[in-house]
Amino acid sequence: MNGPVGDRAVVVGGSISGTLAARVLSDFYREVIVVERDKVVGVRDPRRGTPHAGHAHGLHARGCMILEELFPGILDEMRRARFPMGDLGEQHWYFNGERFRAARTGLPTVTTQRPVLEDYIRGKVVALPGVTFLERTELTGLEATPCRGRVTGVRLRSAAAEAVDEFSLGADLVVDTCGRGSRTPVWLEQLGYERPPEDRMAIGLAYVTRLYRSPKSLNGAQFLTCLASRTNPRGAVFGRAGDDTYYLSLTGILGDHPPVDPDGYLEFCRSLPTAEVYERVRGATPLTDPIAFHVPASVRRRYERLSRFPERLLVLGDAVCSLNPSYSQGMTVAAMEVMALRAHLGRGTDPSSQAFVRDVGRIINRPWFLSTTRDLQHTRGKGVRALAARLGNAYVTRLHGAAPHDSAATDALIRVAGLSDPPTTLIRPRVVLAALKRQGLRGPGCQAPQ
């Protein structure tokens, strides 16, 4: 590229999606302004705009490698800064009470709390020339050309309770990374466009999380995961948040939710098919009360199916697709979408909005398929797709049964779950052989590692 694509890009939303988008945009626009309703710079605690941030999150291997590409050397920096990091295949994975055999995959994982990771990355982006975070400011609408064919800026207002006056901010490009609460469908309608159709998968998920202090380590691992199955739909993630600090996120679906009272929380933990989780928290020191977060459904907005879309407006992250967070795909998928934005901008012109949303749709196809196929086992859906899902889940169940005995099965499952390899790699001869060796499974249906 010989010069900047434009003068100013505005990113709406300052979480991981918006921060990574600002990093990429800073290479192509003279000025990048990130508009955020909350205070975010220097904040390492959950905030109102991200109530789920205090619960278990994982940055998959694909996301870690994208971080390294955007910020060369960052993974080594994070290791020196004592971020909890390790090989994804060497963590403690349990399914139906059996632990997977460890596999050295070479795939990195980061298990620190999401606000801490976001703050670390945000600090690097804030320091970039031309990048500004406009905090405590909310977006009230879009501005467009008279024919409504191109977005030309945003209307903003201070997020202070007494603020009433709006002001305009012109932009060559507007990127919506507002998450589940995105109002782009409303603004499209106001500009004379159709709202995007939506796909929904009801999951009735609840997370309940508590922080603990414990001197016990995980023997070199960074987290322990108890995967849910049809016969054992309760799950858990116990992971390092610091040197001697751990979080425990218990999960339940379709109304079978973990209690928020301490005694009920521990009893739910004891009901898991994996005793190790309960044993690790039973003698640990609680640092917080149990806190709940509910996700009624996974939602995908199908912007790629619209016949018309205004230019100079892009949407990515949870604003397009909010997946079942049990699978820890969200941050990595957002990072993949940001890399698609980088590729579009690398052509030297403002990206075509319709071309970009089509590319985002293609990126989402795989994680959406993986997520909803696993969820269908619990909802017991009917139809051709549900039948295909059941057949796929039956095969992956065999792989889960093989994983405690064969590291090749562990390696294959981890690579697909980490969004590093496509699902077709699960039918390679060596992996199929591992699955066929195991017949004694404890129940139908499964969830792949997250």
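Give the number of residues within region 91-112 that are modelled with pLDDT of 90 or more, buried (at least 19 other Cβ atoms within 10 Å of the Cβ) and not in a loop (DSSP other than H, G, I, E, B).
3
When you scan region 355-377, how many residues do you find that are open to solvent by 50 Å² or more (accessible area, probe 1.4 Å) and either touching a strand residue (DSSP E or B) at 6+ places or on another chain (Cβ under 7 Å) or at pLDDT 90 or above (or both)? Reasoning before the result, please.
So in region 355-377, the residues open to solvent by 50 Å² or more (accessible area, probe 1.4 Å) come out as 358, 362, 365-366, 369.
In the following step, the residues that additionally are either touching a strand residue (DSSP E or B) at 6+ places or on another chain (Cβ under 7 Å) or at pLDDT 90 or above (or both) were identified as 358, 362, 365-366.
Residues meeting the conditions: 4.
Name the residues in region 113-159 that are among the charged types (D, E, K, R) and assigned to a helix (DSSP H, G or I), would you?
Start the filter on region 113-159 by keeping residues that are among the charged types (D, E, K, R), which leaves 114, 118-119, 122, 124, 135-136, 138, 143, 148, 150, 155, 157.
Across region 113-159, the qualifying residues are 114, 118, 119, 122, 124.
Tally the residues that are buried (at least 17 other Cβ atoms within 10 Å of the Cβ), part of a strand (DSSP E or B) and not β-branched (Val, Ile, Thr), restricting the search to region 160-185.
3
Could you say which residue among 37, 30 is modelled with pLDDT of 95 or more, open to solvent by 30 Å² or more (accessible area, probe 1.4 Å) and touching a strand residue (DSSP E or B) at 6+ places or on another chain (Cβ under 6 Å)?
Details: 37 fails: modelled with pLDDT of 95 or more.
None of the other options fit; the residue is 30.
I want to confirm something. Restricting to region 378-405 and keeping residues that are open to solvent by 20 Å² or more (accessible area, probe 1.4 Å), in a loop (DSSP other than H, G, I, E, B) and at pLDDT 75 or above, which single residue is nearest to residue 205 (Cα to Cα)?
The selected residue is 404.
Would you tally the residues in region 251-276 being within 26 Å of residue 116 (Cα to Cα), open to solvent by 40 Å² or more (accessible area, probe 1.4 Å) and part of a loop (DSSP other than H, G, I, E, B)?
1
Between residues in region 56-76 that are basic (Lys, Arg) and residues that are outside any helix (DSSP H, G or I), which pairs lie under 8 Å by C-beta distance while being six or more apart or on different chains?
Pairs found: 62/418; 62/419; 62/420.
Being within 30 Å of residue 192 (Cβ to Cβ) and not basic (Lys, Arg) narrows it down to one residue among 151, 116; which is it? If you could, list the steps in order and put the result at the bottom.
Values: 116 fails: within 30 Å of residue 192 (Cβ to Cβ).
That would be 151, the only listed residue that is within 30 Å of residue 192 (Cβ to Cβ) and not basic (Lys, Arg).
Condition test on residue 188, is it modelled with pLDDT of 95 or more and either aromatic (Phe, Trp, Tyr) or open to solvent by less than 10 Å² (accessible area, probe 1.4 Å) (or both)?
Working: modelled with pLDDT of 95 or more: yes; either aromatic (Phe, Trp, Tyr) or open to solvent by less than 10 Å² (accessible area, probe 1.4 Å) (or both): yes.
The answer is yes for residue 188.
Give me the residue from region 322-332 that is open to solvent by 10 Å² or more (accessible area, probe 1.4 Å) and not small (Gly, Ala, Ser) and, out of that set, nearest to residue 70 (Cα to Cα).
331
Which condition number does residue 279 fail, the rest of (1) under 21 Å from residue 97 (Cα atoms); (2) open to solvent by less than 60 Å² (accessible area, probe 1.4 Å); (3) more than 24 Å from the chain's Cα centre (by Cα); (4) not polar (S, T, N, Q) being met?
Going through the list (1) under 21 Å from residue 97 (Cα atoms); (2) open to solvent by less than 60 Å² (accessible area, probe 1.4 Å); (3) more than 24 Å from the chain's Cα centre (by Cα); (4) not polar (S, T, N, Q), residue 279 breaks only (2).
Any idea which of (1) open to solvent by 40 Å² or more (accessible area, probe 1.4 Å); (2) in contact (Cβ under 8 Å) with a residue 40 or more places away in the chain; (3) over 24 Å from the mean Cα position of the chain (by Cα); (4) within 30 Å of residue 81 (Cα to Cα) is the one residue 126 doesn't satisfy?
All conditions are met except number (3).
Just to check your reading of the model, which residue among 157, 148 is on the phi < 0 side of the Ramachandran plot and either within 24 Å of the chain's Cα centre (by Cα) or open to solvent by 60 Å² or more (accessible area, probe 1.4 Å) (or both)? Don't jump to the end; show me each part of the working.
Working: 148 fails: on the phi < 0 side of the Ramachandran plot.
Only one candidate passes the filter, namely 157.
For region 1-27, which residues satisfy the criterion of being open to solvent by less than 30 Å² (accessible area, probe 1.4 Å) and in a strand (DSSP E or B)?
The answer is 6, 9, 10, 11, 12.
Output the residues belonging to region 287-336 that are part of a loop (DSSP other than H, G, I, E, B), more than 11 Å from the chain's Cα centre (by Cα) and of a type outside the set (Lys, Arg). Steps first, answer last, please.
Pass one, region 287-336, residues part of a loop (DSSP other than H, G, I, E, B): 287-290, 302, 306-310, 312, 316, 320, 323-324, 328-329.
Remaining after also requiring more than 11 Å from the chain's Cα centre (by Cα): 287-290, 302, 306-310, 312, 316, 320.
Those that are part of a loop (DSSP other than H, G, I, E, B), more than 11 Å from the chain's Cα centre (by Cα) and of a type outside the set (Lys, Arg): 287, 288, 289, 290, 306, 307, 309, 310, 316, 320.
Could you please give the count of residues in region 200-250 that are modelled with pLDDT of 90 or more, charged (D, E, K, R) and either open to solvent by less than 20 Å² (accessible area, probe 1.4 Å) or over 18 Å from the mean Cα position of the chain (by Cα) (or both)?
Within region 200-250, residues that are modelled with pLDDT of 90 or more, charged (D, E, K, R) and either open to solvent by less than 20 Å² (accessible area, probe 1.4 Å) or over 18 Å from the mean Cα position of the chain (by Cα) (or both) number 3.
Name the residue that is farthest from residue 329 (Cα to Cα), counting only residues in region 55-74 that are open to solvent by less than 10 Å² (accessible area, probe 1.4 Å) and assigned to a helix (DSSP H, G or I).
Ranking the candidates gives 74 first.
The values are calculated or read from the model by the stated rules, or taken from the named source; none is laboratory data. Being a predicted model, the structure only gives us computed values, none of them experimental. A quick note on method: Cβ atoms are made from the backbone with ideal geometry, for glycine too, and the neighbour counts reach across all protein chains shown. Keep in mind that these areas ignore ligands, DNA and RNA; they rest on the heavy atoms of the full protein, side chains included. Shrake-Rupley method; radii C 1.70, N 1.55, O 1.52, S 1.80 Å.
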